[in-house]
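Comments concern the structure below.
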Amino acid sequence: MQAKAFDIKLFKQILKYTKPYKFRYYGVILFAFLLALFAALRPFLLKVTVDSYIKTASKSGLLIYVVIMGIMLLMETLSQFFFVYWANWLGQDIIKDIRIKLFNHLMTFRMKYFDISPVGMLVTRSVSDIEQIARIFSQGLFMIFSDLLKMFVCLIVMFYMNWHLSMIVVVAMPILVYITRVFQRKMQVAFEEVRTQVNNLNVFVQERVTGMKIVQLFNREDIEFEKFKEINQKHNQAWIKNILYNSIFFPIADIISSITLGAVILYGGMQIVNGNPFTTVGQMISYTMFIGMLFNPLRQIADKFNEMQMGMIAANRVFDILDSDEDVQDNGTKKAEHFKGNIRFENVRFSYIDNEEVLKGINLKVNAGETVAIVGATGAGKSTIINLLNRFYEINSGSIYIDEQNIIDFELESLRRQIAVVLQDVFLFADTIHNNITLNNPAISREDVIEAAKKIGIHKFIKSLPDGYDHDVKERGLMLSSGQRQLIAFLRAYMSNPSILILDEATSSIDTYSEELIQKATEKITQGRTSIIIAHRLATVINADKIIVMDKGQIVEEGTHQELVAKTGGYYKNLYESQFAVES
């Protein structure tokens, strides 16, 4: 959706955020009025000083009016200070509120939204686009209002002083207004292109920095560098087009202003030479100031419209996210205190992409306290089951029950608090081991963490790290091996004291030592709670109470390991024998 220069609906949406700051908002408007008044009074006082006191050589009157002009200048300066300071302050508080609302909104979105939205785009919306919204108030809306108000007051004073000279100025103004409007439209298109190219640049850089290992591993440096140069060139060209319009517009505006000033001096000078009493030297001097006060805002208004337009485009992008209905529906009223752990899937169908079902009528039952393994080829739908259990995605049809209660009836936060998941690709924040385990939950003490680490057998491993529990794992935990990250994830899951535990490929691609620690940790944290283990390596699920075998979105077999390997020609038996042969 394209933002308009004066999109009233969008303006109203932005102005709603000024409500908590009404005093400051109206204060900015008040100082805009005072600024216009004091600015217009200075040339008028100069005219009076020249015509009434300098011309008549009145020293006392001259001194009084110089002091008055000094006071007016001081008042104008103070009004300018408070106007600019409060307008910027207001803008910063507004974007603070919008950024908080946006981040909070993003955290409620379905996983599907993040699957299809580039991270770089979301970062652009959350940071640079929101910063640009502040310029609507600091450089756009209030500045334009102040300039128009100042021009209006100046015109009133000018017509009061000399309507003949004022008409010369007024005739020239529509020409400049028309040229301003033409260039504003051109620059609007240019700025839209700039924002698009900024977004493309952010997305490209974010993806390549994140995937730098792949870039270097497959010798893609030169290819990616050429792609970057191409995107950077488009970004550069978008800005150059905007610079070109500014380079043409401002000289034209200066020429019109200079011609108008020349016409006023010529006409006014002729009037004075011819002895016309209605035109004075003081008026001529004051009009040189008035013309600057009228034409400079007109000349700069296109640039301020640019700021306004960039803010509007940025606001449009941000509000597209804020107004999007991507939230997980959290209409549940029941609070999940503690589950026994009975889980039931009843004819569940689901697809990530429309008309491409991943789960095709799944019926599954897990009894409280059982350890159930789900196995199958990649893409069979194993991980999808846990995504649906946590309500990261909404099912197409069917029902999912925990303790015979439909999961949509539970408050989402309380539901997820009772389910802990350890993923294959563990995500750790750039923080300490302790904070990654507790996730900054103040209710969990250091002593609790150490005691839990000792129970599941990984305290010695953590103490062996530099700084122990205060070891900084850096971004994404890349300072640790995959096995070490898994151990931290196990402890994190254990500390949440869940009713249901899910291990998704949690023992794949790790070293033997880490696997032994994880096996011991698994035995400890699965005791007395329902556990679901998803694994490719069948050796890790032999002791499960029940094994669910999936293929192409359907359950094809289920039973214990002994029951399944006893089935002649069974899917699990073939899978087990082929894997065992490879490992041997």
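Mind checking which pairs have a first residue in region 197-214 that is surrounded by 14 or more Cβ atoms within 10 Å (Cβ to Cβ) and a second that is of a type in the set (D, E, K, R), Cβ under 8 Å, 6 or more apart or different chains?
Partner pairs satisfying both residue conditions: Gln197/Lys234; Asn200/Lys234; Phe204/Lys227; Arg208/Glu224.
In region 98-110, how many residues are surrounded by fewer than 16 Cβ atoms within 10 Å (Cβ to Cβ) and part of a helix (DSSP H, G or I)?
Within region 98-110, residues that are surrounded by fewer than 16 Cβ atoms within 10 Å (Cβ to Cβ) and part of a helix (DSSP H, G or I) number 5.
Could you check, for region 407-428, whether at least one of its residues is more than 27 Å from Thr108 (Cα to Cα) and at pLDDT below 85?
Scanning region 407-428 turns up no residue that is more than 27 Å from Thr108 (Cα to Cα) and at pLDDT below 85.
Somewhere in region 433-456, is a residue part of a strand (DSSP E or B) and touching a residue at least 40 places away in the same chain (Cβ under 8 Å)?
Among the residues of region 433-456, not one is part of a strand (DSSP E or B) and touching a residue at least 40 places away in the same chain (Cβ under 8 Å), which makes the answer no.
So which residues in region 372-429 are part of a loop (DSSP other than H, G, I, E, B) and in contact with an Asp or Glu (Cβ under 6 Å, 6 or more places away or on another chain), if there are any at all?
Of everything in region 372-429, those that are part of a loop (DSSP other than H, G, I, E, B) and in contact with an Asp or Glu (Cβ under 6 Å, 6 or more places away or on another chain) turn out to be Ala380, Leu423, Gln424.
Within region 403-416, can you find the residues that are within 20 Å of Tyr494 (Cα to Cα), surrounded by fewer than 18 Cβ atoms within 10 Å (Cβ to Cβ) and not hydroxyl-bearing (Ser, Thr, Tyr)?
Within region 403-416, just Glu413 meets the criteria.
Here are some conditions: (1) under 17 Å from Val170 (Cβ atoms); (2) within 39 Å of the chain's Cα centre (by Cα). Thr279 meets all but one. Which one does it not meet?
Unmet condition: (2).
When you go through Phe290, Phe345, Phe350, Phe339 one by one, which is the residue that is open to solvent by less than 30 Å² (accessible area, probe 1.4 Å), among the hydrophobic types (A, V, I, L, M, F, W, C) and touching a Pro at 6+ places or on another chain (Cβ under 7 Å)?
Every option except Phe290 fails the conditions.
Restricted to region 214-247, and to residues that are in contact with a helix residue (DSSP H, G or I) (Cβ under 7 Å, 6 or more places away or on another chain) and aromatic (Phe, Trp, Tyr), which residue is farthest from Arg299 (Cα to Cα)?
Looking at residues that are in contact with a helix residue (DSSP H, G or I) (Cβ under 7 Å, 6 or more places away or on another chain) and aromatic (Phe, Trp, Tyr), I get Phe228.
Let's see how each residue does on (1) at pLDDT 80 or above; (2) hydroxyl-bearing (Ser, Thr, Tyr); (3) open to solvent by less than 70 Å² (accessible area, probe 1.4 Å):
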{"residue": "Lys520", "(1), (2), (3)": "no, no, no"}
{"residue": "Asp545", "(1), (2), (3)": "yes, no, no"}
{"residue": "Val549", "(1), (2), (3)": "yes, no, yes"}
{"residue": "Gly569", "(1), (2), (3)": "yes, no, yes"}
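Please determine whether any residue of region 295-315 is farther than 25 Å from Phe249 by Cβ and either in contact with a strand residue (DSSP E or B) (Cβ under 8 Å, 6 or more places away or on another chain) or crowded, with 16+ Cβ neighbours inside 10 Å (or both).
Residues of region 295-315 farther than 25 Å from Phe249 by Cβ: none.
No: zero hits.
Take region 471-485 and flag every residue that is open to solvent by less than 80 Å² (accessible area, probe 1.4 Å) and at pLDDT 75 or above.
Passing the criteria: His471, Asp472, Val473, Leu480, Ser481, Ser482, Gly483, Gln484, Arg485.
Write out, first by first residue and then by second, each pair whose Cβ atoms fall under 8 Å of each other, whose residues are 6+ apart or on separate chains, and whose first residue, in region 118-134, is farther than 19 Å from Phe191 by Cα while the second is of a type in the set (Asp, Glu) and open to solvent by 30 Å² or more (accessible area, probe 1.4 Å).
Pairs found: Pro118/Glu207; Val119/Glu207; Gly120/Glu207.
Return the only residue of Ile175, Ile179, Ile223 being part of a helix (DSSP H, G or I) and over 30 Å from Leu148 (Cβ atoms).
Result of the check over Ile175, Ile179, Ile223: Ile223.
If Ile54 satisfies every condition in (1) at pLDDT 90 or above; (2) open to solvent by 30 Å² or more (accessible area, probe 1.4 Å); (3) of a type outside the set (Gly, Ala, Ser) but one, which is the exception?
Against the list (1) at pLDDT 90 or above; (2) open to solvent by 30 Å² or more (accessible area, probe 1.4 Å); (3) of a type outside the set (Gly, Ala, Ser), Ile54 comes up short only on (1).
Could you list, in sequence order, the residues of region 58-92 that are open to solvent by less than 60 Å² (accessible area, probe 1.4 Å), within 36 Å of the chain's Cα centre (by Cα) and within 18 Å of Lys150 (Cβ to Cβ)?
Scanning region 58-92 gives Ser79, Phe83, Val84, Trp86, Ala87.
If I filter region 283-295 for residues that are under 30 Å from Leu10 (Cα atoms) and out of contact with any His (no Cβ under 6 Å at 6 or more places or on another chain), do I get at least one hit? Lay out the reasoning, then the answer.
Restricting attention to region 283-295, the residues satisfying the condition of being under 30 Å from Leu10 (Cα atoms) are 294-295.
Those still in the list that are out of contact with any His (no Cβ under 6 Å at 6 or more places or on another chain) too: 294-295.
Yes, because at least one residue in region 283-295 is under 30 Å from Leu10 (Cα atoms) and out of contact with any His (no Cβ under 6 Å at 6 or more places or on another chain).
Within region 417-428, track down each residue that is loosely packed, with under 14 Cβ neighbours inside 10 Å and in contact (Cβ under 8 Å) with a residue 24 or more places away in the chain.
Phe427
Which residues, counting only those in region 444-470, are within 18 Å of Phe429 (Cα to Cα) and buried (at least 20 other Cβ atoms within 10 Å of the Cβ)?
Once the filter is applied, which keeps residues that are within 18 Å of Phe429 (Cα to Cα) and buried (at least 20 other Cβ atoms within 10 Å of the Cβ), region 444-470 yields Val449, Ile462.
Does region 145-161 include one or more residues that are without any contact (Cβ under 8 Å) to a residue 60 or more places away in the chain and either buried (at least 17 other Cβ atoms within 10 Å of the Cβ) or farther than 30 Å from Tyr25 by Cα (or both)?
There is at least one residue in region 145-161 that is without any contact (Cβ under 8 Å) to a residue 60 or more places away in the chain and either buried (at least 17 other Cβ atoms within 10 Å of the Cβ) or farther than 30 Å from Tyr25 by Cα (or both).
Quick test for you: out of Ile385, Ile407, Ile402, pick the one residue that is under 14 Å from Leu359 (Cα atoms) and hydrophobic (A, V, I, L, M, F, W, C).
Of the residues listed, the single one that is under 14 Å from Leu359 (Cα atoms) and hydrophobic (A, V, I, L, M, F, W, C) is Ile385.
Which one of these is touching a residue at least 12 places away in the same chain (Cβ under 8 Å), open to solvent by 50 Å² or more (accessible area, probe 1.4 Å) and part of a helix (DSSP H, G or I): Ile255, Ile265? Quick ask: steps written out before the conclusion?
Values: Ile255 fails: touching a residue at least 12 places away in the same chain (Cβ under 8 Å).
That would be Ile265, the only listed residue that is touching a residue at least 12 places away in the same chain (Cβ under 8 Å), open to solvent by 50 Å² or more (accessible area, probe 1.4 Å) and part of a helix (DSSP H, G or I).
Out of Asn440, Asn387, Asn396, report the one residue that is at pLDDT 85 or above, exposed (fewer than 14 other Cβ atoms within 10 Å of the Cβ) and not hydrophobic (A, V, I, L, M, F, W, C).
Asn396
The values are calculated or read from the model by the stated rules, or taken from the named source; none is laboratory data. Fair warning: this is a prediction, and the values are worked out from it, not measured in the lab. Note that we place each Cβ from the backbone using ideal geometry, even for glycine, and neighbour counts take in every protein chain shown. We work out accessible area using only protein heavy atoms, side chains counted, and drop any ligands, DNA or RNA first. Shrake-Rupley method; radii C 1.70, N 1.55, O 1.52, S 1.80 Å.
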